Each structure stands twice: as C-alpha cells, then as structure tokens.
1. Going through Ala76, Ala67 one at a time, which residue ends up being away from the ligand (no atom under 16 Å from the Cβ) and at pLDDT 95 or above?
2. Do the conditions hold for Lys48, that is, is it of a type in the set (D, E, K, R), under 15 Å from the mean Cα position of the chain (by Cα) and surrounded by 12 or more Cβ atoms within 10 Å (Cβ to Cβ)?
3. Picking from Thr196, Thr137, Thr173, which residue would you name as being more than 16 Å from the chain's Cα centre (by Cα) and assigned by TED's automatic domain parsing to the domain that holds Lys48?
4. Which residues, counting only those in the range 182-211, are open to solvent by 10 Å² or more (accessible area, probe 1.4 Å), touching a Leu at 6+ places or on another chain (Cβ under 7 Å) and farther than 24 Å from Asn44 by Cβ?
5. Suppose we filter the range 114-153 for residues that are in contact with a helix residue (DSSP H, G or I) (Cβ under 7 Å, 6 or more places away or on another chain), open to solvent by less than 50 Å² (accessible area, probe 1.4 Å) and basic (Lys, Arg); how many remain?
6. Residues to consider are Thr62, Thr9; find the one that is open to solvent by less than 40 Å² (accessible area, probe 1.4 Å) and in contact (Cβ under 8 Å) with a residue 40 or more places away in the chain.
7. Give the residues of the range 70-89 that are crowded, with 17+ Cβ neighbours inside 10 Å and either over 23 Å from Met181 (Cβ atoms) or of a type in the set (S, T, N, Q) (or both), sorted by residue number.
8. Please state which of the following conditions Pro43 fails to meet, knowing it meets all the rest: (1) surrounded by fewer than 18 Cβ atoms within 10 Å (Cβ to Cβ); (2) more than 14 Å from the ligand (Cβ to nearest atom).
Amino acid sequence: MEPYAHPITLEATDVGCDRAGIPVVRGVSFTLKPGRAIQLFGPNGSGKSSMLSMFAGLIPPTEGELAWHSDGDKRAKPFDGMTLFIGHETSVKLALTAKENLQFWTQLYGIEKPRRDERISQALELVGASHFSDIRTGRLSAGQRRRIDLARAAIADRPIWLLDEPAAAIDATGVAVIGRMIEKHLEQGGIAIVATHDELGSKFDRLELGR
Ligand SMILES: Nc1ncnc2c1ncn2[C@@H]1O[C@H](COP(=O)(O)OP(=O)(O)OP(=O)(O)O)[C@@H](O)[C@H]1O
C-alpha cells in the first residue's frame with residue numbers, strides 16, 4: 001500500500017455558503033490533516049451536499065476562507081487532479097456494464113494502460129461487484145449500482161475523498177466495506193469528508209450542521 005505522493009491538509013476558517021442567495025451554512029472551522037476524516041451530520045436540507053460541493057471547488061464560500069496545503073504550497077481551491085467526489089446521484093452510465101464503466105474511469109483518472117485490467121478486477125472484487133460486472137448497470141439494483149459508484153474510489157489514486165451518502169442503499173456488508181476502504185485511504189495519508197448517518201470508524205471527527 002503506497003502512501004499518497006502529495007499529502008493534503010485542508011484548513012477551513014469561519015466558512016459559510018449560500019444557495020440561491022440564501023445562507024445555508026455559517027461559521028465552520030476545522031483543520032483536516034493527512035490521515036484524518038470528517039463526518040458531516042445534519043437533517044435534510046442542513047447543507048451537507050452544499051458543503052461537499054464547496055470543498056470540491058464547485059461553489060465558492062460566501063464568507064470565511066478555505067486553504068488547501070500541499071508540499072509547502074497553499075491555495076484557496078483544491079489542487080487539480082487531487083479530488084475524488086462521489087455525489088449522492090449515481091455517476092454510473094446505465095447503458096454500460098460495470099466493467100465498461102470502470103474502463104472509462106481508468107482512462108478518466110489516468111491509469112496507465114497496462115495496469116487498467118488489474119485495477120478494474122481489484123476494484124470490482126473490493127466492492128463485491130465481480131459477479132454482476134458484465135450486466136448492463138441499468139438492470140442492476142440501487143445498492144448494486146451504488147457499489148459500482150464506490151469502485152471509482154478504488155480506481156482513482158486521489159488523496160482527497162468527498163463522499164455524499166456513500167452507504168445509501170447499501171447493505172450492512174457493504175457499509176463495512178466502505179469503512180475499510182476509507183480506513184485504508186486514511187492509512188495512505190489521504191483525507192476524507194463524508195456526509196453519512198452510518199458509523200464508519202474511529203478516525204472521524206464529527207461536524208454537525210443545522211444547529
Ligand atoms: N442547486 C441549488 N440551488 C438552490 N438551492 C439549493 C441548491 N441545492 C441545494 N439548495 C438548497 O440548499 C439547502 C441545503 O441543501 P443541501 O442539499 O446542501 O442539504 P443536505 O444537508 O445535503 O440535504 P439532504 O440530507 O436532504 O441530502 C436546501 O435548503 C436546498 O433547498
């Protein structure tokens with residue numbers, strides 16, 4: 001298990017974000033160092049997905065400051081090619097099989113050609129999707145499809161994981177798999193911010209929104 005080549009620290013100072021001009025989140029501060037994770041809690045509409053979009057650089061903070069640190073460099077936006085964002089909506093292409101989706105992602109994430117097949121088999125096995133990997137994903141169950149979404153985390157070699165309800169529609173065995181994937185990612189020196197109501201491990205700091 002290789003440590004990430006460029007460990008990242010994320011510092012948030014009093015950040016807040018608005019949606020359509022309406023304040024959603026206010027006054028969030030933390031420092032997230034390599035090997036640590038934050039679990040976002042909060043009721044529906046409290047701003048968990050909005051926060052993740054903000055950390056992904058998709059919407060700007062309305063107030064406060066985000067600072068990404070890597071190799072002595074500091075930026076207000078995430079460094080290019082460092083973030084894996086798994087949103088709550090599926091990114092699986094339903095006309096393709098799981099294997100074909102993963103083939104696409106290995107190209108997207110710049111995996112060298114000779115290593116692609118091995119990486120795909122490992123990822124499918126990890127998320128327990130090997131036995132349905134040749135079926136068109138439009139014909140799979142919600143939980144099976146979510147497992148394929150999560151395989152993206154095993155394909156991409158990225159130190160920042162932003163996961164929105166990764167365990168939605170996933171059974172207890174699958175939740176344990178997600179916990180282990182995150183644990184391994186943290187051991188490699190990655191960071192993770194995860195919106196979830198599930199218990200995923202002890203390395204998480206808790207951030208409760210909507211209070
Ligand atoms: N694209 C958007 N345009 C305008 N308002 C939005 C948009 N997305 C979210 N909002 C608003 O921002 C607020 C927070 O939504 P968000 O999706 O971040 O909450 P959440 O905590 O992730 O909710 P859930 O638990 O239901 O997924 C809500 O009031 C929502 O209506």
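The values are calculated or read from the model by the stated rules, or taken from the named source; none is laboratory data. What you are looking at is a predicted structure, and each value in this text was computed from that prediction instead of being measured. Note that each Cβ is placed from the backbone with ideal geometry, even for glycine, and that neighbours are counted across all protein chains shown. What goes into the accessible areas is simple: the full protein's heavy atoms, side chains included, and nothing from ligands, DNA or RNA. Shrake-Rupley method; radii C 1.70, N 1.55, O 1.52, S 1.80 Å.
1. Working: Ala76 fails: at pLDDT 95 or above.
Criteria check complete, one pass: Ala67.
2. Values: of a type in the set (D, E, K, R): yes; under 15 Å from the mean Cα position of the chain (by Cα): yes; surrounded by 12 or more Cβ atoms within 10 Å (Cβ to Cβ): yes.
Here the answer is yes, as Lys48 does meet what is asked.
3. Working: Thr196 fails: more than 16 Å from the chain's Cα centre (by Cα); Thr137 fails: assigned by TED's automatic domain parsing to the domain that holds Lys48.
One residue alone meets the criteria, Thr173.
4. Lys203
5. So the count comes out to 3.
6. Working: Thr62 fails: open to solvent by less than 40 Å² (accessible area, probe 1.4 Å).
Step by step, each of Thr62, Thr9 is checked, and only Thr9 is open to solvent by less than 40 Å² (accessible area, probe 1.4 Å) and in contact (Cβ under 8 Å) with a residue 40 or more places away in the chain.
7. Result: Ser70, Thr83.
8. Among (1) surrounded by fewer than 18 Cβ atoms within 10 Å (Cβ to Cβ); (2) more than 14 Å from the ligand (Cβ to nearest atom), the lone unmet condition for Pro43 is (2).
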